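Beneath this line is the structure, given in C-alpha cells, with notes to follow.
The values are calculated or read from the model by the stated rules, or taken from the named source; none is laboratory data. Keep in mind that what you see is a predicted model, and the values were worked out from it rather than measured. When we count neighbours, we look across all protein chains shown, and the Cβ atoms used for this are built from the backbone with ideal geometry, even at glycine.
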Amino acid sequence: MSIVDRLSNEVPFFRQKRDGLGRLGLSTFQKCTAAIRVMAYGSSFDAVDEYLRLGATTARLCVENFMEAIINLFGDEYLRRPTPADLQRLLHIGELRGFSGLIGSIDCTLNDINVLDRSPVFDDIINVQAPQVNFSVNRREYHLAYYLTDVEDERDAYTQYDVSDFQQGEGIGSSHVDFTYSTDIPTNIANQMGVRTRIRDRQAHQQLKGDLVEHIWRKFGRDKDNNRASMPHFNYYRLF
C-alpha cells in the first residue's frame, strides 16, 4: 500500500483519471499489478489483457513508468549498496535460520544462473570493494559469504521446526563483518582474477555445501519426537 499510495500521489501516470464521458479509467492498483505481474512472471505485455483488462501497449507503459518511479522514489533507501552494518544484520538473520554466512536468497527460476553470474551484484566483489565477511560452519572457517538460490518451498513434505530453539542473541553468532578490513585496494587485473578464482573454486564450494548440510542436520535433523527428518534440497551461490 505504501508503494501504491506514493505512486498515485507523486506520479501522474498512476493517478486514476476520467475519460471524456466522465468514466473512471484504470486504477492505480490495476497499473501496479500489471507491472509487477509482467516483471515477476516474465510474461508478455498482452498476458495481462484478460486478467486486468488493459492492452499490451498500456501494460508496457505500466512497466516502464513503474520501474522509473520505483528508482526515483525508493532508490536511495532500498536500491543502494548494503553498508557493513546492513550486512551484519543480514548475517544475523541468516544465522538464526541455521545458515551461518548467509546474506540472502535469489530466485533463479526465471533467470538463468549464467545471467546471475554476470550480474552487477558481483561487481564490488570482483573489484575488491566489498566488506570482508568471516564465519564458521561445522568447525571450519570461511571468508566468503553466500546467497541461497532456488530454495525449494516444500513445506508439506518436510517436518516443521520452531527455530526459536536455536535463536541466539545479537552478535553472539559466528558470522561477522570485519569492520577493520580495508577496501582501499587498487583495482587491477591481478586482484580481479584472484577474486574470480576464489568465487569459482569448486572444491571450496563443495566443502561449504557439505559443512552446511552437517551443520543444519545437527540443528534440525530430528523432529520433536527425536525421529530423523527429511532434509530439504538447497543450492547456494558464493558471493564474497
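Observations, loosely collected:
- Lone qualifier among Arg37, Arg81 - being over 30 Å from Asp178 (Cβ atoms) and of a type outside the set (S, T, N, Q): Arg37
- Residue check, Phe66 aromatic (Phe, Trp, Tyr), outside the structural domain of Asp107 (by TED's automatic domain parsing) and within 22 Å of the chain's Cα centre (by Cα): yes
- Picking from residues in segment 1-55 that are part of a loop (DSSP other than H, G, I, E, B) and among the hydroxyl-bearing types (Ser, Thr, Tyr), the one that is nearest to the chain's Cα centre (by Cα) is Ser43.
- Candidate set: segment 140-151, residues that are in a loop (DSSP other than H, G, I, E, B) and not aliphatic (A, V, I, L, M); chosen: the one surrounded by the fewest Cβ atoms within 10 Å (Cβ to Cβ): His143
- Some residue of segment 43-56 being within 25 Å of Asp5 (Cβ to Cβ), among the charged types (D, E, K, R) and modelled with pLDDT under 90: yes
- Those residues of segment 70-85 which are at pLDDT 90 or above and either closer than 29 Å to Gly173 by Cα or surrounded by 15 or more Cβ atoms within 10 Å (Cβ to Cβ) (or both), in sequence order: Ile70, Leu73
- Selection within segment 216-240 - over 22 Å from the mean Cα position of the chain (by Cα) and either modelled with pLDDT of 85 or more or assigned to a helix (DSSP H, G or I) (or both): Trp217, Arg218, Lys219, Phe220
- Looking only at residues in segment 15-42 that are of a type in the set (Gly, Ala, Ser) and over 16 Å from Ala69 (Cα atoms), the one that is modelled with the highest pLDDT is Ser27.
Residues are listed down the side, and each one gets a yes or a no for (1) under 18 Å from Leu96 (Cα atoms); (2) modelled with pLDDT of 70 or more; (3) surrounded by 15 or more Cβ atoms within 10 Å (Cβ to Cβ):
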residue: Asp124; (1), (2), (3): no, yes, yes
residue: Asn138; (1), (2), (3): yes, yes, yes
residue: Tyr161; (1), (2), (3): yes, no, yes
residue: Arg196; (1), (2), (3): no, yes, no
